[in-house]
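What follows is a set of notes on a single structure, which appears directly below.
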Amino acid sequence: MRILIHICCANCLIYPLKVLREEGHEVVGFFYNPNIHPALEYIRRRETLKEYVSKVGLEIIWEDEYGLERFLEAVFSKKEQRCEICYWMRLEETACTALRKGFDAFTTTLLYSKYQKYEKIIEVGRKMAEVYKVPFLERDFRIGWKEGIEESKRLGLYRQPYCGCIFSEKERFWKQLRSWR
């Protein structure tokens, strides 16, 4: 199959790309992440992905509008649902792109991270498949978590310390910030 894979970052792409290629699929990446904050973090993740895909020969579709305002507007009054809204935004754009460009299916590297809400991602992916009439490839890539981490370290890739949004950044560093007082 020809699969469009939404990519949150280079590190999370390593294992899913390996698996999909081993299965004989033609894979094309899709970079769309309006949630990432701050802008310098967004640029660093994008540049790390460029570095990685140049090594593995992966074509990427860059949706390179930094849509932070759209993300913040969507989650501002619904912070408890921010992850679901974020999945929705990114998977909807991926499914829409898969439809427009004639892919057989779409998936996401979000299914690789043990820190993401796996069942919610599956639910949103299924809904987007229904709406856009492009199958969502459900895979539990979390089984390759350690393998992906080891490979990213071996390659010397930048490894981000939080999921991406301003809220996850705060959660990650809040205890450290409080200790500075």
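The values are calculated or read from the model by the stated rules, or taken from the named source; none is laboratory data. The structure presented is a predicted model; accordingly, all values stated were derived computationally and were not measured. We place every Cβ from the backbone using ideal geometry, glycine too, and count neighbours over all the protein chains shown.
Data overview
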{"quantity": "Hits in region 94-107 - residues which are in a helix (DSSP H, G or I), surrounded by fewer than 21 Cβ atoms within 10 Å (Cβ to Cβ) and not basic (Lys, Arg)", "calculated": "96, 97, 99"}
{"quantity": "Residue satisfying all of: in region 48-63; of a type outside the set (A, V, I, L, M) and in contact (Cβ under 8 Å) with a residue 12 or more places away in the chain; farthest from residue 93 (Cα to Cα) among these", "calculated": "55"}
{"quantity": "Among the candidates 110, 91, residue that is part of a helix (DSSP H, G or I) and touching a Cys at 6+ places or on another chain (Cβ under 8 Å)", "calculated": "110"}
{"quantity": "Among (1) modelled with pLDDT of 95 or more; (2) under 17 Å from the mean Cα position of the chain (by Cα) - the single one residue 102 does not satisfy", "calculated": "(2)"}
{"quantity": "Pick from region 73-88, criterion surrounded by fewer than 16 Cβ atoms within 10 Å (Cβ to Cβ) and assigned to a helix (DSSP H, G or I), ranking: modelled with the lowest pLDDT", "calculated": "79"}
{"quantity": "Which numbered condition residue 11 misses (of (1) surrounded by fewer than 18 Cβ atoms within 10 Å (Cβ to Cβ); (2) more than 22 Å from residue 99 (Cβ to Cβ))", "calculated": "(1)"}
{"quantity": "Test for residue 48: is it under 22 Å from residue 128 (Cα atoms) and not basic (Lys, Arg)", "calculated": "no"}
{"quantity": "Residue match in region 41-53 (condition: aromatic (Phe, Trp, Tyr) and either closer than 20 Å to residue 97 by Cβ or outside any helix (DSSP H, G or I) (or both))", "calculated": "yes"}
{"quantity": "Residue satisfying all of: in region 21-39; at pLDDT 90 or above and in a helix (DSSP H, G or I); surrounded by the most Cβ atoms within 10 Å (Cβ to Cβ) among these", "calculated": "21"}
